[in-house]
Amino acid sequence: MRSVPPMAGAYVFLTVTVGVVCTAPAFSPGTSWSAVGLLACVYAGCEQVGRCRIIGRRAPRGMGTFFPVLLAGAFLLPPAAAALVAVPGALLARVEQRPKWLRRVWRAAQLALGIWASARVFDVLGGPEAVSAPRFPYALVPGCAAALVFCAVLTVLDGGILATAERVPPRTAWRGLFLRSLAPVVVHGLAGLVMAVLWASPYGPVASLLVLLPMYISCWVFAQYQRERAAHQATIRALVQAVDIKDGYTRGHSERVGQASMMIARELGMAEERVEVLRFAGILHDVGKLGVPTRLLRKDGPLTPEEREVIQLHPEYGHEMVRGIGFLGEARAAILHHHERLDGSGYPYGLVGTQIPEFARVVAVADAFDAMTSTRTYSRARPVAVALAELERCAGSQFDPVMVRALVAVLGRDGWHPVVTADEVGVVSVRVEGVPVSGAASR
């Protein structure tokens, strides 16, 4: 079972405790358990959509397609009762990663708090009277306000779990989360408002459930997109595995460069979308080595000038290999230019300074750092502190000083815990003096 950081465990425990306190009043007389039960059953059934062959066995986790059911509960029920609607579905939801029970409990508490807060805002703004009347367009005001609060609560809690469990820097943990989820949640809030109005009308609850039909269609479309993206990621993994097999002494290098690139990007405050693309850039930066003879990659000792010229073609090979993968975006430029140097002495085109794409400057630092802290056929691993000192020495001539400072800062604060694959040769922790950084990063 994957270990849970103490801070993350305490954060989840606190969230669950607050959720229990908020839902406790629902167990007093007067709660409409029939409405709570029906909405909870509908939401729980919707959460199982990922197992439906029509939608797809691996529908995206937590995509919020059925938030209308939860928000309809916030519009129809008292806050404490509305919060209970999310609990059964969240506890029964499909979870891929361990610890599964903790992830389910966390998701239930998170959704319960979000719905409780949105129901409170809806009630304060006179939403229940506007729905039962109905009073349009005024009913849109409490409905949209409740959806905004729901989105804000989920954002705050998601950022907290990123900071405590995933060790994302606090200043970037919340960046972009609210804006990314705002539009979908508002749309789902409007759908939930329509459900609530139909529920309170003479047509009753059955008619209100018809609103879910277009949401199922949107789920199907989104699932198609996710499957296509998953296929791209599988292709990337296959390419990386092929490189690792061919160049066995650098096995795991690609994943570690991707990890270091992400750390630099987050320290620089990049948006999470760019951070993800930069991770792909780090993972795929050496994919062009598939076009280089294996004997050169595994050669002991220095390369001849002719052999070095052959190896220096790998960025162009790699760029050609990934040209057709559209979602890589800026990553393609990083694959092509990650061996350029600020002073213009790099390859393949001898770019100078800011002519080198930003992603390439990040990957260059991450690549050199991992090369120096890993044992290879031509060098022994260095301690992290020695590698960082070498990067700082070469900043301004070989590496972008901004990227070097970012790596030094994040490693000084969070340390270096490199990814180790299942078939890793286990040499990452060796700490022996090695060769200059120019030699370590030359291949």
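The values are calculated or read from the model by the stated rules, or taken from the named source; none is laboratory data. These numbers were taken from a predicted model, which means no experiment stands behind them. Positions of Cβ are generated from backbone atoms using ideal geometry, with glycine treated the same way; all protein chains shown enter the neighbour counts. Surface areas here come from the heavy atoms of the whole protein model, side chains and all, with no ligands, DNA or RNA. Shrake-Rupley method; radii C 1.70, N 1.55, O 1.52, S 1.80 Å.
A few notes on this one:
- Ranked by the mean number of other Cβ atoms within 10 Å per residue, highest first, peptides 195-208, 26-39 order as 195-208, 26-39.
- At the listed q of 0.16, 0.18, 0.22 Å⁻¹, the Debye profile of the stretch 314-403, built from one uniform point per Cα, gives log10 I(q)/I(0) equal to -0.67, -0.82, -1.07.
- Theoretical ellipticity at 222 nm over the chain - DSSP helices of four or more residues, -39500 (n - 2.57) apiece, nearest 500: -20000 deg cm²/dmol
- Residue of Leu313, Leu268, Leu210 that the Gaussian network model of the chain assigns the largest fluctuation, springs spanning Cα pairs under 10 Å: Leu210
- Projected onto planes of every orientation and averaged, the convex hull of the alpha-carbon atoms in the chain covers 23.0 nm².
- Size of the stretch 61-142 from its Cα atoms: along the principal axes, largest to smallest, the extents are 46, 22, 15 Å.
- Cross-link reach is defined here as a Cα-Cα straight distance under 21 Å, omitting same-chain residues fewer than 8 places apart; for Lys299 the lysines meeting it are Lys246, Lys289.
- Residues Arg171 and Val310, FRET efficiency given R0 of 51 Å [Cβ-Cβ distance, rounded to 0.05]: 0.70
- Contact order for the chain, expressed relative to its length and based on alpha carbon pairs under 8 Å spaced 6+ residues apart, stands at 12 percent.
- Two-site FRET efficiency, Glu392 against Arg413, from Cβ-Cβ distance with R₀ of 22 Å, rounded to 0.05: 0.85
- Space enclosed by the convex hull of the alpha-carbon atoms of the stretch 224-331, per residue, Å³: 107 Å³
- Spatial separation of Cα centroids for the stretch 331-381 and the stretch 265-303, in angstrom: 9 Å
- Whole-number accessible area per residue in Å² for the chain, which is evaluated in the context of all protein chains at 1.4 Å: 45 Å²
- Projected label points at Val141 and Val18, each 7 Å from Cα along the beta carbon direction, are separated by 2.8 nanometres.
- Overall size of the stretch 74-193 from C-alpha positions, given as principal axis extents largest first: 47, 31, 20 Å.
- Shape of the stretch 349-395, Cα gyration tensor, a/c cut at 1.5: prolate
- The coefficient of translational diffusion for the stretch 152-304, derived via Stokes-Einstein from the alpha carbon Kirkwood radius under 4 °C and 1.567 mPa s, stands at 66 µm²/s.
- Charged neighbours of Val153, selected by a Cβ distance under 14 Å, balance to +1 (K, R count +1; D, E count -1).
- For the chain, with all protein chains in place and a probe radius of 1.4 Å, 63% of the accessible heavy-atom surface sits on carbon or sulfur.
- Rg [Å, one decimal], Dmax [Å, integer] - the stretch 277-322, C-alpha atoms: 11.6, 35
- For Val257, neighbours were defined as the other residues whose beta-carbon sits under 9 Å from its Cβ, and their charges (Lys and Arg +1, Asp and Glu -1) total -3.
- Efficiency of FRET from Cβ geometry, Val221 and Thr31, R₀ 30 Å, rounded to 0.05: 0.20
- Where trypsin sites (Lys or Arg not before Pro) fall in DSSP loop in the stretch 348-398, at most 15 other Cβ within 10 Å: Arg380
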